[in-house]
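Worksheet: the structure to be examined is printed underneath.
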Amino acid sequence: MVKAVVLGASGGIGQPLSLLCKISTLIDELALFDVVNTPGVAADLSHISSKAKIEGFVAAKGDMKGETEETETAKKNALTGADVVIIPAGVPRKPGMTRDDLFNINAGIVKGLVEACAKYCPKAAILVISNPVNSTVPIAAEVLKKAGVFDPKKLFGVTTLDVVRAETFIQDISGERNTDKVVVPVIGGHSGNTIVPLFSQAKPSVDIPGDKLDALVHRVQFGGDEVVKAKDGAGSATLSMAYAGFRFAESVIKALKGEKGIVEPTFVYLPGVSGGDEIAKATGVDYFSVPCELGPSGVEKATNILGSANDNEKKLIDECIKGLKTNIESGVTFATK
Ligand code: APR
């Protein structure tokens, strides 16, 4: 029996992600929680004749901060018994809102939701999608530490969309459309130049013309902006993010169930996972996305592939670390203040 929970299930990412979870053959029970609309989303999805039993739980009307007893009960009912919790809850940036405003709101949302996970499903794998992932994952870790239930092997920042973009954009250059064929490790963080695609490590190796490489790296780092621009102010990547989040969630579920040989890049707390200390020492940061071997207990081993990066990629890694340090500090400061 696998129970999955989506927190923020009524949103642009949450709805398609919930749909994919509903039709997954790996999920037996699916609980949706949001501050609005979850009964409707769950009722709609419940008419699909796939295996997962689905239920929607919603906060008390108008309780956006999740402070009432009714909201607490909804969270409790959604989360109890969860094996995997996926968190795309948040707010998009609205006109007049600064990045700091957005950070403070999303940071508070993630903090509140992870506090509920700590109480009601302390052993669940937690997959954080809410941005900025470089900061929200450290926030989640601090919350779990404070509650005394932090298992670093089971806390994941979802960076799969960067991998998906690298795999797709490389095919745009090669003209070959076969997603199973190219695997590109993408490491570092999950925004702008903290994202480091290691095309030199693509498998099978790909020949990218020198004049196209910089543009390709930039496209992976700032691919999200293409979507924001194309949506003309109406939002950011939701459908591709839902696909990526689901693809990663399925890998985690398969690994928890004992399937061997699953490796996925994910943003993890390095000192808490096997192989992580070496990477923390090399980078000077405690959180980093690297290819991780997944297993029944979560992250079984973080792989240090930094050494195999070429000189250009090493420069990108240096840039990444500078930005990442600040992002991680912001998260830790927010959670511990
Ligand atoms: N608890 C649960 N759900 C919440 C909460 C909360 N405290 N606060 C907000 N939500 C819900 C909203 O009601 C909404 O349904 O989160 C959902 C977010 O959906 P959208 O506003 O459509 O945003 P979306 O585009 O899905 O992005 C969500 O993911 O990639 C990141 O940057 C993005 O942080 C943002 C998040």
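So which residues in the stretch 32-53 are among the small types (Gly, Ala, Ser) and closer than 22 Å to Val91 by Cβ, if there are any at all?
Of all residues in the stretch 32-53, those among the small types (Gly, Ala, Ser) come to 40, 42-43, 46, 49-50, 52.
Residues satisfying the conditions are Gly40, Ala42.
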Exactly one of Glu167, Glu176 is at pLDDT below 95 and under 19 Å from His218 (Cα atoms), and that one is Glu167
Looking at the stretch 137-155, can you tell me whether even one residue there is more than 24 Å from Ile253 (Cα to Cα) and hydrophobic (A, V, I, L, M, F, W, C)?
yes
Taking Lys145 as meeting all but one of (1) buried (at least 17 other Cβ atoms within 10 Å of the Cβ); (2) under 20 Å from the mean Cα position of the chain (by Cα); (3) of a type outside the set (Phe, Trp, Tyr), write down the number of the exception.
(1)
Please determine whether any residue of the stretch 165-183 is within 16 Å of the ligand (Cβ to nearest atom) and touching a residue at least 40 places away in the same chain (Cβ under 8 Å).
yes
For Leu324, state whether it is more than 14 Å from Gln201 (Cα to Cα) and assigned by TED's automatic domain parsing to the domain that holds Ile279.
yes
Give the residue, chosen from Ser46, Ser18, that is closer than 17 Å to Leu127 by Cα and not acidic (Asp, Glu).
Ser18
Take Glu115 and decide whether it is without any contact (Cβ under 8 Å) to a residue 12 or more places away in the chain and either more than 10 Å from the ligand (Cβ to nearest atom) or buried (at least 20 other Cβ atoms within 10 Å of the Cβ) (or both).
no
Can you give me the ranges of the helices (runs of 4 or more DSSP H) entirely in the stretch 6-79 with at least 3 residues that are more than 19 Å from Thr238 (Cβ to Cβ), without any contact (Cβ under 8 Å) to a residue 60 or more places away in the chain and within 14 Å of the ligand (Cβ to nearest atom)?
69-79
Filter the stretch 219-276 for residues that are over 30 Å from Arg93 (Cβ atoms), surrounded by fewer than 20 Cβ atoms within 10 Å (Cβ to Cβ) and either touching a Lys or Arg at 6+ places or on another chain (Cβ under 6 Å) or among the β-branched types (Val, Ile, Thr) (or both) and give the result.
Ile262, Val263, Ser274, Gly275
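Only one residue in Val110, Val85 is without any contact (Cβ under 8 Å) to a residue 40 or more places away in the chain and within 12 Å of the ligand (Cβ to nearest atom), so which one is that?
Values: Val85 fails: without any contact (Cβ under 8 Å) to a residue 40 or more places away in the chain.
Answer to the selection: Val110.
Out of everything in the stretch 88-107 that is within 12 Å of the ligand (Cβ to nearest atom) and without any contact (Cβ under 8 Å) to a residue 40 or more places away in the chain, what residue ends up being farthest from Lys154 (Cα to Cα)?
Only one residue fits best here, namely Lys94.
The values are calculated or read from the model by the stated rules, or taken from the named source; none is laboratory data. Worth saying up front: this structure is predicted, and the values here are computed from it rather than measured. Glycine also receives a Cβ, built like all others from the backbone with ideal geometry; neighbour counts cover every protein chain displayed.
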